[in-house]
Amino acid sequence: MKNLIVFSFLFFIVSFGTQAQVVSGYVFETEENTGKLLPLPGANVVLLGLKTGTITDINGKFQLQVSDKNSRIVVTYIGFKSDTLLVQSADLSKIILTKGSELNEVSVTAGRGGSYVQSMNPVLTTVISKDELEKLPCCNLAESFENNASVDVNYSDAVSGARQIQMLGLAGVYSQLLAENMPFARGVGSAYGLSYIPGSWMESIQVSKGISTVVNGYESITGQINVEYLKPHKADLLNVNLFTSTEGRVEANVTSAYKLNDDWSTMLLAHGSTMFMAEDKNKDSFADMPVYKQINVMNRWYYTGKYSEVQLGARFIADGRVGGQAILHGENEPANTHPLYETEIDVNRFEAFAKLGYRMPNYEKMGLGSQYSFVRHQQDMVFGHRYYKATQNSVYTNFMLNTMLVNTRHDLTAGVSFIYDDLNQQFNDSVSAYAEYVPGAFVQYTYNIAELINVIVGGRIDLNSKYGVFYTPRIHAKYHITPTTVLRISGGKGYRMPYTIPENLATLASSRTVYFEDEIKPEEAWNYGVSINQTFEFSENRNVRVGVDFYRTNFENQMVVNLDRTARAIYFGNLHGESYSNSFQTDLTVIPHKSFEINGSLRWNDVKVTIDDKLVDKPFSPRFKALLAFSYKSRFDKWQFDVTNQYYGESRVPSTQENPLEYQRNTVSDPYYILHFQVTRRFKMFEVYTGVENATDYTQPNPIIAADEPFGEYFDSSQIWGPMSGRVFYAGFRFKIK
């Protein structure tokens, strides 16, 4: 790492210090009504054939180092025609750009890589493109972050197969999960929500770190993950993706888009998957993963008119999972003299959504937008002798007005929203019902000077029917120090309502007694962040990108899950003391050639919470993570080779010292290393891929405590910090008709 910093510093000095002369000038635009020349701040001024350059300041002035007077410079600005000038003959004191036709969409692929940071977004956002998703099998959203160091994914327990994410060292519930900017997995749906978005349905994933803007609500605290599905008006006529693996997993995905006329298009997305083979590689008498069957179908419609746009859709999901001991041994086997532990999970989910947009015909810079969604989620879960049943109905609406203020540098977004949740649940013999409605209003002001400065200041007020007023202020700012150096800062507050049982399956996957010490209150937290990204460009297809970021989260209130007081119980309560997260990460992307890409990341987390009046490390949150990924494409992209290396450091594990010796575990997890490898071969109309996940075959040793006595007082399958699945070989097939 030290050598990398020295290299980057020397390269910076050489690239800017070897230029012999400095030229300066001004860039203007002509005001349409008066013909007056106005300074054009934020215009790009670069050397022809290179991307070394600068940006004009607030007065339209620039200074640029050139090798000699025969150099040519290129001046560009979004919405204007570019101009190329010879330094020795041009009048640089009065460069006037004229307006040209604006581009609706710009696609840049050369030298960018499969994932990239959105340079124009003041929120630090990494886009995981479809190309990046296909570097690994990526069967669903939960398996889409293997090459992203910001997001960790692990199993919540050793028997259910449910996965959970972490961002900034905190549970994924603090990161808002959106599907096309609408809430997707809230409340009861959070347990398996990540597995309900198939990989082949996704166009891209946008991973934002830190507090998000106020437009999408008050819930995002540590980040936001937004999934963009394939669009009916842009997707292939037919796309088929088949997958199978040595652990008995089979999947089929089919998407088909059809354009009905110039205005309407529609699309059908279908997914079917099954795990038909139960294995017990660690010989603890429990299936390593549950067997399951899932059916997932969506139909969506898209309409575009002269001034309006409409998107409509509906989806149905049926998911059934069976795990534990009975699936391996069978209840009726003569050798079974004791009852067998079994898990059963049945989910039925229906969604309907609509998005409407309208641009005012007489006001070019004004538009109206609205979003609507309805979700009904039914979930039955049996873990041994424990039972949980829940039905949640959720309604979400969001109305927005966006308009220009004075000129294009000032933008205002204002709107109102409404959230309604109706939850009926039963935990063993306890039955409860809960209804919550939250009307809200927000306003957001944006100040933007092209590619120079972007500031977003927003606030929202929401009235929770049970807990009163939530006031949410947030700010984001981005500044281009140079055309290739971007500084971002952010800060703000977030709230969320915790769901005790569905968000903590440990309450079901163990014999611990469950206690509620307090009436759980809304969680409140402040998040602050700063990041800097630097790009060194050697040529169009050769560059180096370096990013460094730091985020801190401070909780004013938090639902604390206490697993430390005793190994016999779980205590739910509110925070009494301090709780915070510090997360530092550095990323490096090297593209030495358009066909070769190297990505590396180092991350350090310091996450602490007050438990029983002591400030301790949050359990199951690794302090250190390292990632190194390689991707190579042969000529004409016929062959592709992808390798991913991951290293996880230690994390704290709740104490089990009061257990008998054979049921005790270490209070610190083991560090471990994971390797993934995939080969893809492309043909004219189809491609095949094969690879291995977890090639090192590392799994957490003895993950289930007291597996031999699953109905005894010491049984606990919730102490999970490492992989549950060992080495898995897989193969797949992709076919498309455009």
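Using the Karplus equation 6.51 cos²θ - 1.76 cosθ + 1.60 (θ = phi - 60°), what ³J(HN,Hα) coupling, rounded to whole Hz, does each residue of region 178-191 give in order, writing x for Gly and Pro?
My calculation for region 178-191 gives 10, 10, 6, 6, 10, x, 10, 10, 10, x, 4, x, 6, 4 Hz in order.
Kirkwood-based Rg over Rh for region 241-376 (C-alpha set), two decimals?
1.23
Considering the Cα trace of region 594-663, what is its radius of gyration and what is Dmax, both in angstroms?
Taking only Cα atoms of region 594-663, I get Rg and Dmax of 20.2, 62 Å.
Counting Lys and Arg as +1 and Asp and Glu as -1, each charge on the Cβ, what is the dipole of region 482-613 about the Cα centre in debye, to the nearest 20?
It comes to approximately 380 debye.
Treat every Asp and Glu Cβ in the chain as -1 and every Lys and Arg Cβ as +1, leave all other atoms uncharged, and give the resulting dipole magnitude about the Cα centre to the nearest 20 debye.
So the magnitude is around 2720 debye.
Find the relative contact order for the chain and round it to a whole percent, using C-alpha pairs within less than 8 Å whose residues are 6+ positions apart.
Relative contact order comes out at 11 percent.
Could you list the residues of region 399-427 with an amide nitrogen less than 17 Å from a label point located 7 Å from the Cα of ASN348 in the Cα-to-C-beta direction?
Of the residues in region 399-427, 424-426 have backbone N under 17 Å from the label point off ASN348.
Between VAL679 and GLU658, what is 0.36 nm times their sequence separation minus the Cα-Cα distance? Round to one decimal in nm.
Separation in residues times 0.36 nm, less the Cα-Cα distance, equals 2.7 nm.
Which aspartates and glutamates, on any chain, are close to LYS608 with Cα under 19 Å apart, when same-chain ones fewer than 8 places away are left out?
Once the sequence-local aspartates and glutamates are set aside, what remains near LYS608 is ASP152, GLU523, GLU524, GLU556, ASP564, GLU578, ASP617, GLU650.
Would you mind checking which residues have amide H under 5 Å from PHE715's amide H? H placed 1.01 Å from N; only 5 or more apart, or other chain.
SER511
Can you work out the Karplus-derived ³J(HN,Hα) for every residue in region 654-671? Use 6.51 cos²θ - 1.76 cosθ + 1.60 with θ = phi - 60°, whole Hz, and x for glycine or proline.
Using θ = phi - 60°, the values come out as x, 5, 10, 5, 7, 6, x, 3, 6, 10, 8, 10, 5, 8, 10, 6, 7, x Hz.
Could you line up LEU92, LEU505, LEU238 from fewest to most neighbouring Cβ atoms inside 10 Å?
Final ranking by Cβ density, sparse to dense: LEU238, LEU92, LEU505.
Figure the gain on full extension for PHE624 and SER285 (residue separation times 0.36 nm, minus the Cα-Cα span) and round it to one decimal in nm.
118.8 nm
Nothing charged except the Cβ atoms of Lys and Arg (+1) and of Asp and Glu (-1): what's the magnitude of the dipole of region 412-497 about its Cα centre? Round to the nearest 20 debye.
For region 412-497, the charge dipole is close to 440 debye.
So what's the net charge close to ALA629: Lys and Arg +1, Asp and Glu -1, counting the other residues with Cβ under 12 Å from its Cβ?
-4
Cα centroids of region 221-242 and region 676-738: how far apart, whole angstrom?
With region 221-242 and region 676-738 each reduced to a Cα centre, they are spaced 23 Å.
In whole Å, what are the extents of region 334-397 along the principal axes defined by its C-alpha atoms, from largest to smallest?
Each principal axis gives a Cα extent; for region 334-397 these are 80, 18, 14 Å.
Distances over 14 Å make up what percent of all Cα-Cα pairs in region 503-585?
Tail of the P(r) past 14 Å holds 73 percent of the pairs.
Work out the charge dipole of the chain with +1 on the Cβ of Lys and Arg and -1 on the Cβ of Asp and Glu about the Cα centre, then indicate which of TYR445, PHE145, VAL227 is farthest towards its positive end.
Result: TYR445, furthest along the dipole toward the positive end.
Based on DSSP H runs of at least 4 residues, each adding -39500 (n - 2.57), what is the mean residue ellipticity at 222 nm of the chain after dividing by all its residues, to the nearest 500 deg cm²/dmol?
Here the helix-only value at 222 nm equals -1000 deg cm²/dmol.
So how long is each side of region 228-733 along the principal axes, counting just the alpha-carbon atoms, biggest first, in Å?
Projected onto the principal axes, the Cα atoms of region 228-733 cover 78, 59, 46 Å.
Taking θ as phi - 60°, what are the ³J(HN,Hα) couplings along region 559-566 by the Karplus curve (6.51, -1.76, 1.60), each to the nearest whole Hz, with x for Gly and Pro?
Computed from phi, the couplings for region 559-566 are 6, 9, 9, 8, 9, 9, 4, 7 Hz.
How much of the calculated P(r) for region 115-227 lies past 22 Å, in percent of all Cα pairs?
Every Cα pair in region 115-227 considered, those over 22 Å come to 26 percent.
Can you tell me the orientation of helix 2-17 relative to the chain, as the angle in degrees between its alpha-carbon axis and the longest Cα principal axis, to the nearest 10?
10 degrees
No value in this document is a laboratory result; all are computed from the given coordinates. Since this is a predicted model, take the numbers as computed values, not measurements. All Cβ positions, even for glycine, are placed from backbone atoms using ideal geometry, and neighbour counts span all protein chains on display.
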